[in-house]
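S.K.: First the structure, then my questions, so here it is.
The values are calculated or read from the model by the stated rules, or taken from the named source; none is laboratory data. If you're wondering where the values come from, they're calculated on a predicted model, not measured in any experiment. Reconstructed Cβ throughout: ideal geometry from the backbone, glycine too, with neighbour counts over all protein chains shown. Calculation scope for accessible area: heavy atoms of the full protein, side chains included, ligands and nucleic acids excluded. Shrake-Rupley method; radii C 1.70, N 1.55, O 1.52, S 1.80 Å.
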Amino acid sequence: MLDVMRDRWNRIREAVQPKDLRRVFAVFLGLMLLAQVSLPSLVNRYYESQSRTYVYGQRLPRNFEQIHKDFPLVLRYIEKHLSDYDINVLFLGDSVAYGAGVGENETIPAYLEEELKGLFPGKKVRVWNLAVPGSEPGDLYCVLRRVSYLHPDAVVADFNLLFYGKASIQDPVAFNWLYLDPGLPADAVKKVNTVYPRPFPDRVAEFFDRYFPLYHYRELINSVLFGGHPRDKVEAKLKAVWQKLSGGGVVAASAASPGPAAAADRAKQREKVAFMYDSSPINTETNAAYLFSEAVLEFLERQEYPSFVFLTDQNRDILGPLVTNPGFVSNARLVESLLRRYQVPYLSFCGRMPGESFVDHVHLNPDGNRKVARELARELAPRLRGVSP
């Protein structure tokens, strides 16, 4: 009996064992082609099934891979629920608009919704927070063009002077998944390519991202299978183990100093973020961040719905000479002159927010967010009524 079973097992092994490398390659190639053909339809089915139960909260998830995964679901959810509200406002921007450092009900969009409800009694108002933390002006342009098909009642977007610093100059499109989104209009893709021609290695990566689903959907697959990238989970576990081994020193230190930062602490914070600030003059012909800002304003100016933009402030108590020097102040004036060129109303908060309104060098605390939201609501409400202030 054992000999018979062993003989059958050997026959099975021999049948499935590849005869040569050509067969291995053929099987591998066949599987790749099958995935290439079937993956887009499988992904579409995944989003269709998820959209039936998906509920959008006050803002996008914190994890970047989750944002990538959930963004199509968010758009489907908004499209499905637009008719539930009398007034729909899309709020776009970076981490300042997103509300980094505060709860989801303490953001500028959340307070703006609250203010507009007070100004429009009896009306159902929803402010949809579609801000992507870490985004650059190229990302803002892509998000704006991607969501414009929703035809909202208004769009609000924030411009940050960090947009025109070193980091944004080097990479004004931080998230390729926004630029490579198949829902992005063709003229928007052309605009991105015109404003920001990427080097050859980036072009190669984009080619694979655009035309090979296995590569394009890698973050989605990681998020679905693992709830994020497996590397991030390993790093989080290692960090937790290290904190236990070190007696939780990091947590204890942060809890032991709740008061306002001393001068030495402010200096350390300034040193950490100094790389993002640049006082060299903005070249309006070549600065991609500036050119993307122009593209955003040009598009908003052509729309039928009212729009509003605002320029965020920086924490001078922490940043000091990084934002008070003549070069930075001159750049801020240049950005404001850009805003004045278009028929898009704007507010500038530069130099207006006290240090106690911030949680760090640029993000506002709940009181600061409420102040900004109150002014935005006062300016936006007449335009939602169709009246020019």
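S.K.: Please work out whether segment 133-215 counts as rounded, prolate or oblate from its C-alpha gyration tensor, where a ≥ b ≥ c are the square roots of the eigenvalues and a/c under 1.5 means rounded, while otherwise a/b larger than b/c means prolate and anything else oblate?
M.R.: It is oblate, given that a/c is not under 1.5 and a/b is not larger than b/c.
S.K.: Here's another thing I want to ask about it. What does the charge count around E136 come to, taking other residues whose C-beta lies under 13 Å from its C-beta (Lys +1, Arg +1, Asp -1, Glu -1)?
M.R.: Charge balance in the 13 Å sphere: -3.
S.K.: Give me, ordered by chain and number, the residues 5 or more places off F358 or on other chains with an amide H under 5 Å from its own placed amide H.
M.R.: Result for F358 returns N365.
S.K.: To continue, here is another question. Label segment 33-77 by shape, choosing from rounded, prolate and oblate, from the square roots a ≥ b ≥ c of the eigenvalues of the Cα gyration tensor; if a/c is under 1.5 it is rounded, and otherwise prolate applies when a/b is larger than b/c, oblate when it is not.
M.R.: Taking the square roots of the gyration eigenvalues as a ≥ b ≥ c, segment 33-77 is oblate.
S.K.: Quote the accessible area belonging to E206 in square angstrom, nearest 10, computed with a 1.4 Å probe and with ligands, DNA and RNA left uncounted.
M.R.: Rounded to the nearest 10, that gives 10 Å².
S.K.: May I pose another question? Arrange the residues E301, E336 by how much accessible surface each exposes, largest first, with a 1.4 angstrom probe.
M.R.: Sorted by accessible area, descending: E301, E336.
S.K.: Here's something else I'd like to know. Dipole size in debye (nearest 20) for the chain around its Cα centre, Lys and Arg Cβ +1, Asp and Glu Cβ -1?
M.R.: 980
S.K.: Sorting C350, C142 by accessible area (1.4 Å probe), largest first, what list results?
M.R.: Per-residue accessible area, sorted high to low, gives C350, C142.
S.K.: Given the Cα atoms of segment 11-92, and with Rh set as the inverse mean 1/r over their pairs in the Kirkwood sense, what is Rg to Rh to two decimals?
M.R.: 1.29
S.K.: Taking N as the number of residues in the chain, what is its Cα Rg relative to 2.2 N^0.38 Å?
M.R.: 1.18
S.K.: Leaving out ligands and nucleic acids, note down the accessible area per residue over the chain with a 1.4 angstrom probe, in whole Å².
M.R.: Solvent-accessible surface per residue comes out at 53 Å².
S.K.: Let me ask you something else. At a probe radius of 1.4 Å, what is the per-residue accessible area of H361, in Å² to the nearest 10?
M.R.: 20
S.K.: Continuing with this model, one more query. Taking a ≥ b ≥ c as the square roots of the Cα gyration tensor eigenvalues, with a/c under 1.5 meaning rounded and otherwise prolate when a/b beats b/c, else oblate, which class fits segment 256-389?
M.R.: oblate
S.K.: Ranked by accessible surface with a 1.4 Å probe, highest first, in what order do W128, W9, W177 come?
M.R.: Order by accessible area, largest first: W9, W177, W128.
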